[in-house]
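As structure tokens, the structure follows; a few thoughts come after it.
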Amino acid sequence: MSTTVALEIAVTSPAGAIVARDGGADRVELCVGLELGGLTPSQALVETTHETGIPAHALVRCRPGGFVYDADEIDLMLREARTVLRSGAAGVVVGALRPDGSLDLDVLARFVDAARSVSAAAEVTLHRAIDHAADPVAAVATLEALGFTRVLTSGAAPTAVAGADIITRMVAAAGSVQVMAGAGVTPADVPALVATGAAAVHLSAKRPAPDSAHAGVPMGGADDGSAHFLTDLDVVRAARAALDA
């Protein structure tokens with residue numbers, strides 16, 4: 001495996017984690033509701049994924065939508081962060097903004113403290129809330145002092161390839177914090193993202209499950225008949241090969 005640029009796959013199940021592991025991924029980001037941008041996985045899901053042997057970083061996001069949270073939501077996510085780490089997660093993926101579009105540094109510090117209170121070795125990733133920040137490049141420069149391990153970003157663009165120039169600037173500003181490029185990534189995009197200096201590439205490598213459709217009877221506002229995804233082994237392997245090339 002490449003030791004220079006890591007491969008992270010977003011998965012929603014232990015089966016997806018196994019596919020990512022067998023396809024050569026270095027770690028997975030574990031969540032539910034991938035079609036909603038990802039939400040916190042259950043304790044049982046984290047435990048079962050941990051048993052697959054690949055390091056799993058659990059997304060901690062209590063609801064869809066924006067990243068400005070009230071006190072109750074913050075308290076819930078602090079609790080979720082501690083729970084997923086006690087359940088076997090290798091790290092947590094967190095984020096919060098202030099109404100003015102700046103990072104909520106006080107809340108982020110509380111997330112880091114909560115994670116490290118469970119495990120001093122816990123890795124803490126800032127999720128794509130940074131892409132909604134008023135100035136992502138300035139924002140990434142604040143993360144080292146907070147103790148973050150890495151940040152996932154598309155360079156504030158709809159896709160990581162489109163945001164490659166900003167990602168390059170973020171890498172230069174990040175200090176010891178690893179910058180991970182992700183959003184709309186395909187294996188063909190990997191060389192351009194490696195060229196940014198990113199420490200890792202993140203993709204979902206997903207395909208719709210054959211039983212996604214609900215025969216015209218949707219089960220919720222986000223159910224368009226393709227809301228259930230599986231991790232595609234061929235895509236994971238292609239991304240691994242592109243990184244190793």
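The values are calculated or read from the model by the stated rules, or taken from the named source; none is laboratory data. Computed from a predicted structure; not experimentally measured. Here the Cβ is made from the backbone with ideal geometry for all residues, glycine too, and neighbour counts use every protein chain on show.
A few points about this structure:
- In the range 30-65, the qualifying residues are those that are of a type in the set (Gly, Ala, Ser) and touching a Leu at 6+ places or on another chain (Cβ under 8 Å), and the one that is nearest to Ile18 (Cα to Cα) is Ala56.
- Conditions (1) surrounded by 21 or more Cβ atoms within 10 Å (Cβ to Cβ); (2) in contact with a Ser or Thr (Cβ under 9 Å, 6 or more places away or on another chain); (3) without any contact (Cβ under 8 Å) to a residue 60 or more places away in the chain: number failed by Thr125: (3)
- Residue match in the range 56-71 (condition: under 23 Å from Ala174 (Cα atoms), surrounded by fewer than 16 Cβ atoms within 10 Å (Cβ to Cβ) and free of Cβ contacts under 8 Å to residues at least 60 places away in the same chain): no
- All conditions but one from (1) touching a residue at least 12 places away in the same chain (Cβ under 8 Å); (2) in a helix (DSSP H, G or I) apply to Ala145; the one that does not is (1).
- Residues in the range 32-55 that are touching a residue at least 60 places away in the same chain (Cβ under 8 Å) and among the hydrophobic types (A, V, I, L, M, F, W, C) were compared, and the one that is farthest from Leu85 (Cα to Cα) is Leu36.
- Taking the criterion of being more than 13 Å from the chain's Cα centre (by Cα) and either surrounded by 20 or more Cβ atoms within 10 Å (Cβ to Cβ) or on the phi > 0 side of the Ramachandran plot (or both), the residues of the range 143-156 that qualify are Leu143, Gly147, Phe148, Gly155, Ala156.
- Which listed residue is buried (at least 20 other Cβ atoms within 10 Å of the Cβ) and at positive phi, from Ala160, Ala205, Ala174, Ala200: Ala205
- Pairs, first within 18 Å of Pro64 (Cβ to Cβ) in the range 87-102, second among the hydroxyl-bearing types (Ser, Thr, Tyr) and part of a loop (DSSP other than H, G, I, E, B), C-beta under 6 Å, six or more apart: Ala96/Tyr69
- Verdict on Ala109 being out of contact with any Asp or Glu (no Cβ under 8 Å at 6 or more places or on another chain) and without any contact (Cβ under 8 Å) to a residue 40 or more places away in the chain: yes
- Being surrounded by 24 or more Cβ atoms within 10 Å (Cβ to Cβ) and either modelled with pLDDT of 95 or more or of a type in the set (D, E, K, R) (or both) is a property that Thr49 has.
- Given (1) hydrophobic (A, V, I, L, M, F, W, C); (2) closer than 25 Å to Ala245 by Cβ; (3) under 16 Å from the mean Cα position of the chain (by Cα), index of the condition Ala188 fails: (3)
- Qualifying residue in the range 206-215 (condition: in a loop (DSSP other than H, G, I, E, B), within 22 Å of Ala10 (Cα to Cα) and modelled with pLDDT of 95 or more): no
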